[in-house]
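Here's the structure we're looking at; comments come further down.
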């Protein structure tokens, strides 16, 4: 009886310790979430405050009783922000589509096809990741300028249609598919392209979707390259639009309208992540697991 009582006490103590540990973990996670989300909350809050109310606050207020959407209207009229959205959408969709085609074909070639010098070529390919991005930007800028492609969508798109990291990630994912499926398909007379489209892509869909979403985010947030190769506002992206608002003096004077523009640009990416968050997590987990 005493032994059973000691066992129950030990079990209760273990459960209590586990509950305390879980409570501590959740408290720390909650605190971290508040720290991460607060800047976005402050940005949204500022964007719905009127210009007069914002300037009259000697002590910043954590809420407002009279929200307004006039700042969003001013943000879209101060500069042609709608045009920048369309330009960014074109740039993002075309760049992502071309990059996905290049990435899938290259990853499949390195993962499944046998050709002379494949391993050496892949090592050289991976070594490109060691080159600082600043050097690549300079080289690309000189090339695009020499080809007279500045202030064109082609000049914006071409340097972004491939990624060594994404090819490597998808190659590792492709190699997880059993070779027996490939050999069986070849026995049935299936071509490599058909095998890729019918077998490899459906199996590795989470990783492919993840790469596509990450590329969309990368294109949407692109700033340095568009800033270098475009000085015509007809080809400005949303990142250039935010900079144009700030440099015009309007963004420095009317902070609520500036925040409204930033919110408008950020919301599409947040919605995209919320919709595909499970696929992103599954794709990253699958791509990082070998065997």
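None of the figures in this text is laboratory data; all of them are computed from the coordinates on show. If you're wondering where the values come from, they're calculated on a predicted model, not measured in any experiment. Ideal geometry is used to build each Cβ from the backbone, glycine not excepted, and the neighbour counts take in all protein chains shown.
A few remarks follow.
- Here the label points at residue 231 and residue 269, each 7 Å from Cα along the C-beta direction, are separated by 2.7 nm in the simple model.
- Label selected from (1) 32, 22, 18; (2) 28, 26, 15; (3) 41, 38, 16, the criterion being semi-axes √(5λ) of the Cα gyration tensor in Å as computed here: (3)
- Under the simplified labelling scheme, the residue 14-residue 89 pair shows an inter-label distance of 5.8 nm, with each label point 7 Å from Cα along Cα→Cβ.
- 166, 26 arranged by Cβ crowding within 10 Å, fewest neighbours leading: 26, 166
- FRET efficiency for the pair residue 253 and residue 126, taken as 1/(1 + (r/R0)^6) with r the Cβ-Cβ distance and R0 = 41 Å, rounds to 0.25.
- Working from Cα pairs under 8 Å separated by at least six residues, relative contact order for the chain is 31 percent.
- Using a Gaussian network model of the chain in which every pair of alpha carbons under 10 angstrom is joined by a spring, one finds that among 157, 131, 275 the greatest mean-square fluctuation is at 131.
- Helical runs (DSSP H, four residues minimum) scored at -39500 (n - 2.57) apiece and divided by the length of the chain put the mean residue ellipticity at 222 nm at -24000 deg cm²/dmol.
- Given their separation in residues at 0.36 nm each and the Cα-Cα distance between them, residue 36 and residue 135 gain 32.4 nm when the chain is fully extended.
- Residue 152 versus residue 224: modelled label distance in nm, points set 7 Å from Cα along the beta carbon direction: 2.4
- Max mean-square fluctuation residue, GNM over the chain, Cα-Cα springs under 10 Å, options 32, 225, 42: 32
- The stretch 202-260-the stretch 81-144 distance, computed between alpha-carbon centres (Å): 19
- Residues considered: 47, 163, 127. Largest GNM mean-square fluctuation over the chain, using C-alpha springs under 10 Å, is found at 127.
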